[in-house]
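Colleague: Can you read through this structure? Questions will come right after.
The values are calculated or read from the model by the stated rules, or taken from the named source; none is laboratory data. Bear in mind the structure is a predicted one, so any value in this text is a computation, not a measurement. Cβ sites come from the backbone with ideal geometry, for glycine too, and all protein chains shown count toward neighbours.
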């Protein structure tokens with residue numbers, strides 16, 4: 001389990017992807033790799049999610065592929081069967097979290113309050129998604145949470161793009177950020193995979209600035 005988290009923390013960015021057609025996954029996966037970002041969170045916002053996850057796992061075994069926007073146990077099972085390496089939920093659903101933990105499925109549940117964070121801590125979870133990040137107080141909120149929950153790391157997602165990425169990445173309790181600006185639906189649907197590669201590279205450049 002820790003190896004997945006270590007890899008996510010290494011790259012600092014988790015592209016949050018919505019695919020309408022599983023066939024787009026092949027070119028998207030290649031675009032992410034060419035952009036230097038071998039991570040993908042394929043959301044269950046469309047019926048293509050399961051097949052897209054399977055294609056990515058089959059074609060790009062070195063890529064970390066997870067399932068996002070998971071809101072039911074049935075989706076957990078579909079994602080696991082397709083080869084998803086981790087599960088991300090928008091909120092903290094105790095039933096889904098407990099199911100994943102009982103079945104040794106890596107999960108990063110969504111939280112945006114102290115009460116939800118403590119539900120995670122009670123279950124031994126120290127990496128949590130902070131969602132919706134900007135609408136929930138953003139950087140200011142994460143700074144406030146660091147005091148009482150210094151042992152928790154977050155993956156803030158929602159409202160983050162190249163303009164505010166550096167502010168989040170510089171926080172000590174941010175392991176990585178989730179974002180869709182580099183993999184927008186219109187870029188995928190119009191086949192602009194070269195643009196996706198460029199945006200991924202630019203995001204990684206911003207991440208490197210946080211270490212200088």
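Colleague: Scan the stretch 139-157 for residues that are in contact (Cβ under 8 Å) with a residue 12 or more places away in the chain, over 22 Å from residue 106 (Cβ atoms) and assigned to a loop (DSSP other than H, G, I, E, B) and jot them down.
Modeller: 148, 150
Colleague: Also, I was wondering about something else. Run down 83, 124, 36, 120 and say which single residue is surrounded by 15 or more Cβ atoms within 10 Å (Cβ to Cβ), at positive phi and over 12 Å from the mean Cα position of the chain (by Cα).
Modeller: 83
Colleague: Test residue 97 against the criterion of being under 15 Å from residue 129 (Cβ atoms), part of a loop (DSSP other than H, G, I, E, B) and touching a helix residue (DSSP H, G or I) at 6+ places or on another chain (Cβ under 8 Å), and give yes or no.
Modeller: For residue 97, the condition - under 15 Å from residue 129 (Cβ atoms), part of a loop (DSSP other than H, G, I, E, B) and touching a helix residue (DSSP H, G or I) at 6+ places or on another chain (Cβ under 8 Å) - is not met.
Colleague: Of 160, 117, which residue is touching a strand residue (DSSP E or B) at 6+ places or on another chain (Cβ under 9 Å), over 26 Å from residue 77 (Cβ atoms) and assigned to a loop (DSSP other than H, G, I, E, B)?
Modeller: Answer to the selection: 160.
Colleague: Mind checking whether some residue in the stretch 122-129 is in a helix (DSSP H, G or I) and over 24 Å from residue 32 (Cα atoms)?
Modeller: Checking the stretch 122-129: at least one residue is in a helix (DSSP H, G or I) and over 24 Å from residue 32 (Cα atoms).
Colleague: Condition first: closer than 25 Å to residue 163 by Cα, in contact with a strand residue (DSSP E or B) (Cβ under 7 Å, 6 or more places away or on another chain) and crowded, with 19+ Cβ neighbours inside 10 Å. Can you find one or more residues in the stretch 135-147 that meet it?
Modeller: yes
Colleague: Residues in the stretch 58-66: is at least one buried (at least 24 other Cβ atoms within 10 Å of the Cβ), in contact (Cβ under 8 Å) with a residue 40 or more places away in the chain and under 27 Å from residue 170 (Cβ atoms)?
Modeller: Yes, there is a match, as at least one residue in the stretch 58-66 is buried (at least 24 other Cβ atoms within 10 Å of the Cβ), in contact (Cβ under 8 Å) with a residue 40 or more places away in the chain and under 27 Å from residue 170 (Cβ atoms).
Colleague: Scanning for something within 21 Å of residue 201 (Cβ to Cβ), assigned to a helix (DSSP H, G or I) and without any contact (Cβ under 8 Å) to a residue 60 or more places away in the chain, does the stretch 31-47 turn up at least one residue?
Modeller: Looking through the stretch 31-47, at least one residue is within 21 Å of residue 201 (Cβ to Cβ), assigned to a helix (DSSP H, G or I) and without any contact (Cβ under 8 Å) to a residue 60 or more places away in the chain.
Colleague: Looking at the stretch 131-138, is at least one residue touching a residue at least 60 places away in the same chain (Cβ under 8 Å) and in contact with a helix residue (DSSP H, G or I) (Cβ under 9 Å, 6 or more places away or on another chain)?
Modeller: no
Colleague: Next question, about the same structure. Residues in the stretch 177-190: is at least one in contact with a helix residue (DSSP H, G or I) (Cβ under 8 Å, 6 or more places away or on another chain), outside any helix (DSSP H, G or I), closer than 24 Å to residue 43 by Cα and at pLDDT 95 or above?
Modeller: Scanning the stretch 177-190 turns up at least one residue that is in contact with a helix residue (DSSP H, G or I) (Cβ under 8 Å, 6 or more places away or on another chain), outside any helix (DSSP H, G or I), closer than 24 Å to residue 43 by Cα and at pLDDT 95 or above.
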